[in-house]
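Chemist: Sharing a structure here in structure tokens format.
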Amino acid sequence: MSLFNIVYLEEVDSTNSFLKQNEFEDKTIVYSFNQTTGRGRENRKWFCFENKNLALSILFKPKKSILNFNWYIACISVALVELFDEIGVHNSWIKWPNDIYINDEKISGVLAESIWKTTKMEKLIVGIGVNVNSTKEDLSGVGKKATSVSMILGKDFDLKKFSELYLDKLSKYFTIFFGYDGIKKIKKEWVKYSKIIGKKVEWIMNGEVKSGEVFDIDEDGILKLKIDEQIIDVLAGDVNLI
């Protein structure tokens with residue numbers, strides 16, 4: 001039995017926006033194969049070509065306000081990477097904090113947003129876009145290296161089947177997360193798939209670029225970056241392998 005209430009939409013402007021604007025119960029998933037105005041972090045456009053890709057968002061209504069979204073992002077990312085391995089899409093990894101790559105090409109991105117009423121969080125929404133059947137031509141205008149499941153496998157993957165498999169993985173990992181010692185278990189998987197510990201990276205924040213070595217990801221999902229013998233907490237920004 002799924003942990004989630006699941007809603008499929010034939011078309012939607014944005015699955016995140018839809019959950020912001022409409023009322024559903026806690027732990028509701030909305031997904032579509034036709035998202036017309038998808039977006040990523042910092043309002044970057046996310047290309048979701050009609051009936052080729054998956055757009056999916058999860059609504060949480062926490063009893064206590066959540067200031068750190070990292071473990072929710074980790075669950076949704078780890079679930080996807082495990083699915084990729086099982087369907088033959090190998091060499092996937094999580095680029096901290098919210099992108100999934102195949103080697104050096106982006107295949108998926110995660111966006112977490114919240115709605116507050118005064119000092120209380122009413123909604124936490126975690127959305128993901130996955131390039132399932134995009135072609136090389138589709139992705140040529142994205143502006144960065146990108147790939148899709150079909151480009152890697154050499155054939156289209158049934159979108160309905162892909163979404164069913166992914167929904168099962170999401171239920172699995174969020175059940176782990178909400179269970180005993182959940183953060184510790186999710187962290188283990190996230191670190192395993194991030195492939196970033198001990199690597200030299202470039203950290204870009206507010207236009208400023210710093211280089212260092214990733215020391216750890218702590219229990220809050222914060223990246224520990226070693227720069228000139230100092231350990232710096234990285235809570236946001238872009239982190240790229242050098």
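Here, each number is a calculation from the coordinates, and none is a lab measurement. What you see is a predicted model, and the numbers here were worked out from it, not measured in a lab. Reconstructed Cβ throughout: ideal geometry from the backbone, glycine too, with neighbour counts over all protein chains shown.
Chemist: Taking a threshold of 31 Å on the Cα-Cα distance, which of the pairs LYS123/LYS155; LYS161/LYS226; LYS27/LYS52 fall above it?
Modeler: Going by Cα-Cα distance, LYS123/LYS155; LYS161/LYS226 fall outside the 31 Å limit.
Chemist: Could you give the length gained by full extension between ASN240 and SER211, i.e. 0.36 nm per residue of separation minus their alpha carbon distance, to one decimal place?
Modeler: Extra length from ASN240 to SER211 when fully extended: 9.5 nm.
Chemist: Let me ask something additional. Under the 0.36 nm per residue contour assumption, what length would be gained going from the current alpha-carbon distance of LYS63 and GLU137 to full extension?
Modeler: Here the answer is 22.1 nm.
Chemist: Between THR36 and THR175, what length in nm is gained on full extension when 0.36 nm per residue of separation is reduced by their alpha carbon distance?
Modeler: Gain on extension, THR36 to THR175, equals 47.0 nm.
Chemist: Can you tell me, using C-alpha contacts under 8 Å and at least 6 residues apart, the relative contact order of the range 168-242 as a whole percent?
Modeler: Computed over the range 168-242, the figure is 24 percent.
Chemist: Here is a further query. Put a dot 7 Å past each Cα toward the Cβ at ILE231 and THR119; how far apart are the dots in nm?
Modeler: For THR119 paired with ILE231, the spin-label model returns 3.1 nm.
Chemist: Next question, about the same structure. Work out the FRET efficiency for GLU25 and ASP156 from their Cβ-Cβ distance, taking R0 = 30 Å, and round it to the nearest 0.05.
Modeler: So, using R0 = 30 Å, E works out to roughly 0.35.
Chemist: Roughly how big is the chain's charge dipole about its Cα centre, with Cβ charges of +1 (Lys, Arg) and -1 (Asp, Glu), in debye to the nearest 20?
Modeler: Using only the charged Cβ atoms, the result is roughly 260 debye.
Chemist: Suppose R0 equals 35 Å; then what is the FRET efficiency for LYS200 and GLU164 from their Cβ-Cβ distance, rounded to the nearest 0.05?
Modeler: E between LYS200 and GLU164, to the nearest 0.05, is 0.35.
Chemist: Let me ask something else about it. Taking a virtual spin label 7 Å from the Cα of VAL191 along the C-beta vector, which residues in the range 213-228 bring their backbone nitrogen under 13 Å of it?
Modeler: 215-224, by backbone N distance to the label point.
Chemist: Quick check: from the Cα gyration tensor, does the range 200-241 come out rounded (a/c under 1.5), prolate or oblate?
Modeler: oblate
Chemist: Can you order the peptides 109-118, 49-58, 74-83 by their average number of other Cβ atoms within 10 Å per residue, highest first?
Modeler: 74-83, 49-58, 109-118
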